[in-house]
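Nothing in this text is a laboratory measurement; each read-out follows from the coordinates by a stated rule. Being a predicted model, the structure only gives us computed values, none of them experimental. No Cβ is skipped: glycine too gets one built from the backbone with ideal geometry, and neighbour counts run over all protein chains shown.
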Amino acid sequence: MLKLTRLNQQVVAINPDHIVYIDVAPDTTLRLLNGDKLIVRESLDELVDRYVELRRRIHTLGQGVCPLGRSEGERPIVFSPSEELDTRAR
């Protein structure tokens, strides 16, 4: 999900796969699959950067590397994609 800011400062999270196109004239306006328009404070370049970073994180997780919660320079947590996580309470 992308967290964006409406013109009235309200934060909204959207699924980037639902964006059909982005228009900048003069406000950044997203047109969604369902026909809705969403005007946000973020620039087109910022939206593209956030989208690329989101896809990079998803790809990294798919490769078995967990970048979350790590400081820059720390080694990533690596796990086997075939490994099942034990979600039972201990």
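Applied to the range 41-52, the Karplus parametrisation 6.51 cos²θ - 1.76 cosθ + 1.60 on θ = phi - 60° returns per-residue 3J(HN,Hα) values of 7, 5, 7, 4, 4, 5, 4, 4, 4, 5, 5, 4 Hz, with x for Gly and Pro. A Förster distance of 25 Å, applied to the separation of the beta-carbon atoms of Arg55 and His18, puts the FRET efficiency at 0.95.
Grouping the Cα pair distances of the range 2-67 into 5 Å bins from zero gives a pair-distance distribution of 3, 16, 26, 24, 14, 8, 7, 2, 0 percent in increasing distance order.
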